[in-house]
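Q: Sharing a structure here in structure tokens format.
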Amino acid sequence: MAPLIEGFTQIFNTQTILLVAMGEVLGIILGSLPGLTATMGIALMLPISFKLSQAAGMALLLGVYCGAVSGASIPAILLGIPGNPNAIATVYDGLAMTQKGLAGQALGGAVIASFLGGIGSLILLMTFSPLIARFTLLFGPAERACLALVGLTIIASVSSRNLSRGILMGAFGLTLSLLGTDPFSSSLRIPFPRLFAKTPLSSGINLIPALIGLFGISQALLDLERIKEGMIAPKQVKMERFFPSLGKIVRMWRIILESIGIGTMIGAIPGTGASIAVFLSYERAKKVTRRSKKLNQLGSGCLEGVVAPEVANNAVTGGALIPALSLGIPGDSSTAVLLSALLIKGVVPGYQLFSQNLYLVYAIFFALFLSNVFMLTFQYFGVKWFPRVLSVPIAVLVPVILVLSMIGSYAIQGRAILAATFDMGVALILGVIGYFLKKGDYPIAPIVLGIILGGMFEENFRRAVKLAEGNYLVFFTKPISLAFIVLSLISVVLPLLRQRRRGA
Amino acid sequence: MGLSIRRLIALVFIAFSVFYIIFSFSIESRRMIGDEKGWDPGSRAIPVGTGFIMLASSLYIFTKEERKREENKEKIKPETKRVILINLLLSFLYVFLFRRLGFILCTTVFIYTLVYFNRIKNVQIKLLPEYLTGLTAGTIFTLLIYSLGRFITRYLYSWGRSTDISLFTNSNFSAGITFFILAAIFLIAVFLLKRWRKNKNHMLFPIFIATGVTEIIYLVFGQIFMVSLAKGVIFW
Amino acid sequence: MEKKSLFLLIFTLVFILSNYAEGQKEEVWPDPEKSITVVVPYSAGGGTDLIFRPLVEEMKKFTEANIIVSNISGAGSSKGTNEVLNLPADGYTLLASGTHTVSATLQGLTDGYKELEGIAGLNWDPFIVAVLKEKPWQNMQDLVSAAKKNPGTISLGNAGMGGATGVASVGMNLAFGGVFNVTPFNGGKDLRVNVLGGHCDVGIFSQSEILANQDKLKPLVILYNERSRLKDLNGVPTLKEAGFENLDVPGGSFRSISVKKGTPEHIKDKLIEIVRQAYNSQTYQNFMKENGLILAYYEGKELDEYFKKIEQAYITIMREAGLLR
């Protein structure tokens, strides 16, 4: 009991509450701007957290973390540009809602979803942490390679009615992710290796510039086509309430609970990231709504399609903390920086944290709760104001988006000017490619997912074969990886069957 | 026009996959660290596989994709095409000149030019003087505000150090002060100029947008989030 | 009206410009308005990052300029290193160098330490070989004899080919006649998950990693010539004590601070002074003690000499592993 009270008092005092609020605001700004990631924000706040007590420092960083994850959905919904990779799946229905004049509702739904996801995963973190941590340890290279495969095939089937186009785009994303240096043997995998060996190309294409280019710049160019219409979205419908009613939320219970589960689990497996989680939950929600009569079909611009990925990506925050606190192994790059704040203060997360600094664990729980509450509060006010961006004429908005996209790509390596300028170029070129692909009705998300999962797939595939002494059958002998292979086969074959049936 | 844009893209990807497969066979294959027995599938395995998947799916799209469902999207008008081209061209110039000219100059010119031309239906050569005047004014206005900001920060720094008031040497604090002073100047300028010219002046509009956007991005990315935006020719 | 105001604007501008131009002449280093960047060639939150962040906090106390840590990770450690080499040698960019720099240079990924000059060497973080508690091997002798019985069946993981654990694992494998299945992982955390999950048999860890998972990991041997100074790890024998007399495995990561070649001497002296003060501060000394880091302080030219020693130790292993370029 004493550690619980200690943790409570460490967080619920004026200074710490103010710090969390500050971190939250900063995080939301950070998340909504392209190129500024949660990891970067947390790393930026590290020096400040050194000067605070352990609990207060963690609280500040957790505020930034939560804010950044939820902030990313704002540009995804309003402009079709995800602020960071966590919000890729939100673009589909979010942007469609904005085009229907329902931006406020989409944002409101996203905020509620973020809150539910955050709190849901916090509850899982508090109750089942040791169990989930043990579960994540089952994921070795073979399992993770197959999980990446699931992510790649699901996105191919989710994002377009046409599977072959999804697969082509996913493969294209893979080729982009494979550019650069081989992670195992340092072979250069770039065209004309002699020429480009010491240029930024040798370290490959960065995810964030690619994301910004493919989604942001291409969308800005598409918007320009409608410059005659004046605004990028039709006049927004005036509504009294922005937030979904309780009844509506209750009707979505299955989607919400499943997304919490998916988000927490995927978040807890180190090195996987939120992008698989959001697409898995989107795919699951699609299945749920297809069977239900009360819910809207996904993809047409409905609240369900915003809620599912937003619940999932906020559930990832709690999930990522599970292995971080219980094993000392962060679930993603943001939690890695969070942990270093503890390590520098001489607290070793993992075994020692629970045995010697239990109060700190409770403090982290409280801080996470508090940051979710603040997220809800600040976004509540924001939801009314953010859609005003849509009343800026295209002639002005598009140049601003273009500059923001380029500076955002630049910012990701903002200290390395040469590499950063290269990133701007990457974003621009991929933006043009993405523009033409969108005109041909090719899905964009599989490219981004290919870039995200390509490295994970290749590394773990090769590592698994190496660990199995050159035996390629290893993927079929382990139960989890076998299950994943079956799952990804189903997600490819099922749409084909459905297509055939429809065609007949 | 027998080739829809979708099949054209598929064709491009067929060519790309062929090149990619050739390229992936040309990758030098080095041994993984400590892999004496050759158990590692090697650097080429995944690229080659991906290349073939890409080739197969693009071939499938090119041959099998139903041709009847052509996009019935309306054709883009030539003037809209021109607008897109101008935007793209300027974006490429922006990237190329960013390191040389620096963030402040590039961004002001970029935003001003695009906001100016995006709003004009038919571009004529006689608009050039007006455009250039506006461009100069916009650039000077941005530079002025930027320089003032730098001046204040610098002054605060040295003053803070000489008087040992650590608050002034705190970068966040000085950024905040600078922000408020500059925001005030900017708003006063907007207000005054609107007063002077009662009619909705179209020429001033892009100038203010350009200056405002440049300064805000500089403040958020450069000052708060510490991105070292290229300085270029503006050395101070 | 407009002409007048335009004129006024230009006048003010010129005035301000001339003011700055004057300030530019003074050439004080460091310019308090500029930031000194410490480039850490690994991601934030990693082992190397962790050694430098508290040091930077201390360094801030001894200079007027702001100091920031910038993580530029990728391609072993060569991306960050190359980025430092691309920037001017003005003392505003420092590199978190060390054994990883030597290893990346020998692999031909960067011009690395040949183009760098030492500011200060900091410390060694010795590596510990550990297995999961459930595994049958009780000590190093057990492990090696099991590996020799069935060569290739026991996997030995490292945290990536570019870094110091990569060299240590190859060195260890060479020393025992190549009986292990050496497998690189994606950083220390990835390796730890895989060893904890039983997917990889043996891992090479730093001390703090073992501490985080004390309940699940069984440390077998410390790859250093003396025992750990940490209470919890003091019982782990050295290679010699474990019965391997004549083996020499370079097992640890050394961290230091370097600048690009050609940085003016007076700036280097100033930097050395800042780092020395920070290094000797009570906070940083305590930090090193708590984390079991072994002090290895060298200044300027001494560090350059020390790098040559590390290179000598590495070069044989790299050559035998076929990694030398």
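Q: Roughly how many nanometres apart are two label points built 7 Å out from the Cα toward the Cβ at B:Lys37 and B:Ile86?
A: About 6.7 nm separates the two model spin labels.
Q: Among A:337-347, A:287-297, how do they line up by average Cβ neighbours within 10 Å per residue, starting with the highest? Display every interim value, and only then the final one.
A: Working: A:337-347: 22.5, A:287-297: 13.1.
With the highest mean Cβ count within 10 Å placed first, the list reads A:337-347, A:287-297.
Q: Express in Å², to the nearest 10, the accessible area of B:Lys121 obtained by rolling a 1.4 Å probe over the protein heavy atoms while all chains stay in place.
A: Spelled out: B:Lys121, probe radius 1.4 Å, area about 140 Å².
Q: Additional query: So how strong a dipole does the protein assembly as shown carry about its Cα centre when Lys and Arg Cβ are +1 and Asp and Glu Cβ are -1, to the nearest 20 debye? Before the final figure, lay out the partial values.
A: On the way: 100 positive and 69 negative charges, 886 e Å.
Here the size comes out at about 4260 debye.
Q: Suppose all protein chains stay in the model; what accessible area per residue would a 1.4 Å probe give for the protein assembly as shown, in Å²?
A: Accessible area per residue: 39 Å².
Q: Using alpha-carbon pairs under 8 Å, 6+ residues apart, how would you state the relative contact order of the range C:125-233 in percent?
A: Numbers: 176 pairs, mean separation 47.8, N = 109.
Here the relative contact order equals 44 percent.
Q: Which value in deg cm²/dmol, rounded to the nearest 500, describes the helix-derived mean residue ellipticity at 222 nm for the protein assembly as shown, given -39,500 (n - 2.57) per DSSP H run of n ≥ 4 and division by the residue count?
A: Details: 43 runs with 665 residues, N = 1065.
The helix contribution divided over the protein assembly as shown gives -20500 deg cm²/dmol.
Q: Still on this structure: Amide H of C:Val38 versus every other amide H placed in the peptide plane: which residues, excluding those fewer than 5 positions away on the same chain, fall under 5 Å?
A: Amide H to amide H, under 5 Å and 5 or more residues apart or across chains, C:Val38 pairs with C:Ile68, C:Val69, C:Ser70, C:Leu94.
Q: Could I ask something else about it? Any idea how far the Cα center of the range C:134-194 sits from the one of the range C:62-113, in Å?
A: Answer, in whole Å: 29.
Q: Please turn the phi angles of the range C:114-122 into ³J(HN,Hα) values with the Karplus equation 6.51 cos²θ - 1.76 cosθ + 1.60 (θ = phi - 60°), one per residue in order, whole Hz, x for glycine and proline.
A: 5, 9, 10, 10, x, 9, 7, x, 10
Q: Now for a separate question. Say each of C:Gln285 and B:Lys75 gets a label point 7 Å from the Cα, pointing the same way as Cα to Cβ; how far apart are those two points in nm?
A: 8.2
Q: Local charge sum around A:Ala148 (other residues, Cβ-Cβ under 11 Å, Lys/Arg +1, Asp/Glu -1)? Present the calculation step by step, with values, prior to reporting the outcome.
A: Numbers: positive: A:Arg144; negative: A:Glu143, A:Glu458, A:Glu459.
Within the 11 Å Cβ shell, the charges total -2.
Q: For helix C:265-280, report the angle its Cα long axis makes with the longest principal axis of the Cα atoms of chain C; keep it between 0 and 90° and round to the nearest 10°.
A: 50
Q: What are the ³J(HN,Hα) values, in whole Hz, obtained from phi via the Karplus relation 6.51 cos²θ - 1.76 cosθ + 1.60 with θ = phi - 60°, for each residue of the range A:462-478 in sequence order, with x given for Gly and Pro?
A: The phi angles translate into 5, 5, 5, 5, 5, 5, 8, 6, x, 9, 6, 6, 4, 5, 9, 8, 8 Hz.
Q: Would you work out which of A:Ile17, A:Leu360, A:Ser203 lies farthest towards the positive end of the dipole of chain A? Charges go on Cβ: Lys and Arg +1, Asp and Glu -1.
A: With unit charges placed on the Cβ atoms, the residue in question is A:Ser203.
Q: Let me ask you something else. Leaving ligands and nucleic acids out of the surface, order C:His199, C:His100, C:His266 by accessible area at 1.4 Å, largest first. Working shown, then result.
A: Numbers: C:His199 35, C:His100 10, C:His266 120 Å².
Result, largest first: C:His266, C:His199, C:His100.
Q: Going 7 Å from the Cα of A:Leu138 toward and past its Cβ, which residues in the range A:438-481 have a backbone nitrogen under 13 Å from where you end up?
A: Correct set: A:478-481.
Q: Still on this structure: Can you give me the C-alpha center-to-center distance between the range A:371-389 and the range C:203-274, rounded to a whole angstrom?
A: 48
Q: Summarise the partner chain shielding of A:186-193 as one whole number: the mean count of Cβ atoms from other chains within 10 Å of each residue's Cβ. Walk me through the intermediate numbers first.
A: Working: counts 15, 9, 6, 9, 2, 5, 1, 3.
Mean partner shielding for this stretch: 6.
Q: While we're here: Within 10 Å of each Cβ in peptide A:334-343, how many partner chain Cβ atoms are there on average? Round it to a whole number, please.
A: Numbers: counts 2, 1, 7, 6, 2, 4, 7, 2, 0, 10.
The per-residue average across the peptide is 4.
Q: Got the relative contact order for chain A handy, in percent, Cα pairs under 8 Å and 6 or more residues apart? Let's see the in-between values first.
A: Numbers: 980 pairs, mean separation 146.9, N = 504.
29 percent.
Q: Across the residues of B:108-115, average count of Cβ atoms on other protein chains within 10 Å? Please list the in-between numbers first.
A: Working: counts 0, 0, 4, 5, 1, 1, 8, 7.
Average neighbour count from other chains, rounded to a whole number: 3.
Q: Interface B/C, total buried accessible area with a 1.4 Å probe, nearest 100 Å²? Kindly include the intermediate steps, with their values, before the conclusion.
A: Working: alone 17020 and 15970 Å², together 30190 Å².
Answer for the B-C pair: about 2800 Å² buried.
Q: Counting only protein heavy atoms and using a 1.4 Å probe, what share of the accessible area of chain C belongs to carbon plus sulfur, as a whole percent? Show your work: numbers first, answer last.
A: Working: 6550 of 12730 Å².
The value for chain C is 51 percent carbon and sulfur by accessible area.
Q: Another question about this same structure. Taking amide H positions as placed in the peptide plane 1.01 Å from N, state which residues far from C:Thr183 in sequence (5 or more) or on other chains have amide H under 5 Å from it.
A: C:Leu156, C:Gly157, C:Asn158
Q: For the range A:261-269, what does the Karplus curve 6.51 cos²θ - 1.76 cosθ + 1.60, with θ = phi - 60°, yield as ³J(HN,Hα) per residue in whole Hz, taken in order and with x for Gly and Pro?
A: x, 4, x, 5, 4, 5, x, 7, 7
Q: Just need the relative contact order of the range A:380-504 here, percent rounded to a whole number, with Cα pairs under 8 Å and 6+ apart.
A: On the way: 30 pairs, mean separation 10.9, N = 125.
Worked out over the range A:380-504, it gives 9 percent.
Q: Between the range A:177-245 and the range A:320-365, what's the alpha-carbon centroid distance in Å?
A: Measuring centre to centre over Cα atoms gives 33 Å.
Q: For the ranges A:370-377, B:207-214, what's the packing order if you count other beta-carbon atoms within 10 Å of each residue, average per peptide, and put the highest first?
A: Working: A:370-377: 21.9, B:207-214: 24.2.
The packing order, highest mean first, is B:207-214, A:370-377.
Q: Work out which GluC sites (Glu not before Pro) in chain A are exposed loop sites (DSSP not H, G, I, E or B, at most 16 other Cβ within 10 Å) and give the longest gap free of them. Write out the running numbers ahead of the final one.
A: Numbers: sites that count: A:Glu240, A:Glu469.
That would be A:1-239.
Q: Further question: Can you tell which of C:Gly300, C:Val84, C:Phe254 lies farthest toward the positive end of the dipole of the protein assembly as shown, using +1 and -1 charges on the Cβ of basic and acidic side chains (Lys, Arg; Asp, Glu)?
A: Going by the Cα projections, it comes out as C:Val84.
Q: For C:Leu132, which sequence-distant residues (separation of 5 or more, or a different chain) have an amide H within less than 5 Å of its own amide H, given hydrogens modelled in the peptide plane?
A: C:Lys218
The values are calculated or read from the model by the stated rules, or taken from the named source; none is laboratory data. Quantities reported herein were computed from a predicted structural model and do not represent experimental measurements. Because the Cβ atoms are built from the backbone with ideal geometry, glycine has one as well, and the counts that use them run over all protein chains shown. Areas reflect the complete protein model, heavy atoms only, side chains present, ligands, DNA and RNA absent. Shrake-Rupley method; radii C 1.70, N 1.55, O 1.52, S 1.80 Å.
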